[in-house]
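Below is one structure, written out as structure tokens; comments come after it.
All of the numbers you see were taken from the coordinates with simple rules; none came from a lab. None of these values were measured; they are calculated from a predicted model. Glycine also receives a Cβ, built like all others from the backbone with ideal geometry; neighbour counts cover every protein chain displayed.
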Amino acid sequence: MGPAIAAAGASTGYSLADATNWSLAPRELLTFIVPSWFGLQSPYYWGDMPFTSSSFYFGVVPLLFAVLAFWGKKDRLFWGLTALSIFSILLSFGKHFEMFYGFFFNVLPFFNKFRTPSLILLLVVLAGMVFAGYGLRFVLSLPSDQKWRKAFLVGAIVCAALLLIFLVAGEAFSGLFGSFSKPGEAQQYEPQQLNQLHSIRFKMLRDDLVLAMLWLAIAFTACWLKISGKIKANAFLAIILLITLVDIWRFSGHFYEPKAKGETLQRLQPNRIVETLQQDKSVYRVFPLGRLMQDNRWAAWETASLGGYHGAKMRSYQDLLDNVFFNGPDRRIPLNIPFLSAMNCKYFVAEGQLPANLGFEMVTQDPAEKLVLYKNPRAMERVYFADSVLVIQDRVETVRKIMDPAFLYNYMAVSDKPLPGPVVINNNRE
């Protein structure tokens, strides 16, 4: 349905809108200083991208020395990396600087195969590491200069003061950092849940902000001690290396979660839900609800799922997922049951019991994983004959037609191209 603008490898590539979904908003450059300013990763992320589970933070102390490098000796490599960094940052803005990004998208070959403009910031991270080296060299070469001694001392005092302010009275400044919410969350969560989510997001920001001020205060103090002649170069480098290591080690803990060797294999062992499904030898699909939807384990059990995660879905499927799956004719029910039934969805898997008005039949439960399996009595066959074919080439109109309550899934089909020949209807529908 609609043009199947496929993943990387398709001859047409992405549309500009699809290719720039993961653009970095200019305000999110603040995450180079405070990585959790916008929640760091889903479900706490509240920035402008649909979701994220990564960061380009490379340490606030290396960033400090990268800035100091601009006062030191500069060569061709330095200026080359500076130009590369500026270009990469502008390109990472994607749809937020569409005139710039669109030029390369439309002119350069294969550029439309990529859909994450923010990934180019990896070049900024690499350049930042080199700049940090330039900055360290600059500080090590500084004589006992009154101007720089004063600058480093003021920097240490300001950072220490901010640390104390945010540590003691951080809640009073929460309004300065944004709304801590994404569009649509007011409809997705209960008011109490939304308040808890905002509190968690602010706490993450405050904790990282306090630590950033701590590391900067120590780094400024170390610089002051070094150019004042109170510590040697080796001691200075050891302090900088230690606080950088602690900072990056702590930050990496958000993403690195080592698991026992057999834990992954254990998760792939069939549970009671899977064992029940395996007894059904018919052709069907399941639809895991809520947090289960992006679970790919169903493939390991050879069970067809309407959910699962893939980084580059077909555009036609993404359109349906975004607009149709959860928008049914009955607004009291957050599922489009007629559509899902037409998609051969015979079973639903939920974390807990579903409302009785959905009309599903409870099949079994798995107390260990707290899952419930429901059967959908309205599920249609995987393949069936339609009585009429609608040719709709516009993606938006396709979705609107499918969402129309008058659309009969068991009698109508939609194609984005005219059929090569006439459709012969068997009135017996055999």
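Only one residue of ILE86, TRP224, GLY102 has its Cα farthest out toward the positive end of the dipole of region 16-253, where Lys and Arg carry +1 and Asp and Glu -1 on Cβ, and that residue is TRP224. In this rough spin-label picture, where each label sits 7 Å from Cα along the Cβ direction, the ILE333-PHE100 distance is 4.9 nm.
Among the trypsin sites (Lys or Arg not before Pro) in region 36-83, those located in a DSSP loop and surrounded by at most 10 other Cβ atoms within 10 Å of their own Cβ are LYS73.
Relative contact order, whole percent, for the chain stands at 16, derived from Cα pairs under 8 Å and 6 or more residues apart.
Here the dipole of region 16-253 is about 940 debye; that uses its Cα centre as origin and unit charges on the Cβ of Lys and Arg (positive) and Asp and Glu (negative).
For region 177-271, a crude dipole built from +1 on the beta carbon of Lys and Arg and -1 on the beta carbon of Asp and Glu, taken about the Cα centre, is about 380 debye to the nearest 20.
Only Lys, Arg, Asp and Glu carry charge here, each on its Cβ (+1 for the first two, -1 for the last two); on that basis the chain has a dipole of about 1420 debye about its Cα centre. Once you have the Kirkwood Rh of region 301-430 from its Cα pairs, apply Stokes-Einstein at 10 °C and 1.306 mPa s and quote D in µm²/s. The Stokes-Einstein estimate is 95 µm²/s.
Each of ALA186 and ALA233 was given a label point 7 Å from its Cα along the Cα-to-Cβ line. The distance between the two points is 5.9 nm.
Each Cα pair under 8 Å and six or more residues apart adds its separation to the average, and for region 265-415 the resulting relative contact order is 23 percent. Per-residue ellipticity at 222 nm from helix content only, as computed over the chain with -39500 (n - 2.57) for each DSSP H run of at least four residues, stands at -13500 deg cm²/dmol. Taking the Cβ-Cβ separation of MET403 and LYS259 as r and a Förster radius of 45 Å, what is the calculated FRET efficiency to the nearest 0.05? Plugging the Cβ-Cβ distance into 1/(1 + (r/R0)^6) gives 0.60.
Taking the fewest neighbouring Cβ atoms within 10 Å as the starting point, the ordered list for ILE86, ILE402 is ILE86, ILE402. Qualifying trypsin sites (Lys or Arg not before Pro) in region 348-406, where qualification requires a DSSP coil assignment and no more than 10 other C-beta atoms within 10 Å, comprise LYS370. In plain terms, the chain from ASP416 to ASP145 could stretch by 90.4 nm, reckoned as 0.36 nm per residue minus the Cα-Cα distance.
An oblate overall shape is assigned to region 16-253, the ratio a/c of its alpha-carbon gyration tensor axes (a ≥ b ≥ c) being 1.5 or greater and a/b not exceeding b/c.
For region 209-292, chymotrypsin sites (Phe, Trp or Tyr not before Pro) are listed when DSSP marks them as loop and at most 10 other Cβ atoms sit within 10 Å of their Cβ; the list is TYR256. The angle between the Cα long axis of helix 121-141 and the longest principal axis of the Cα atoms of the chain comes to about 10 degrees, rounded to the nearest 10. When the charge dipole of the chain is built from unit charges on Cβ atoms (+1 for Lys and Arg, -1 for Asp and Glu) and taken about the Cα centre, the candidate among PHE131, GLN146, MET403 whose Cα reaches farthest toward its positive end is GLN146.
Using a Förster distance of 60 Å, how high is the FRET efficiency between SER15 and VAL158, based on the Cβ-Cβ distance and rounded to 0.05? E(calc), rounded to 0.05, equals 0.80. Values (1) 24.5; (2) 26.0; (3) 23.1 are given for comparison; Kirkwood radius over Cα pairs in Å, derived from the coordinates here, is the one labelled (2). Each of SER55, SER174, LEU68 was scored by the projection of its Cα onto the charge dipole of region 16-253, and the greatest displacement toward the positive side belongs to LEU68; charges sit on the C-beta of Lys, Arg, Asp and Glu.
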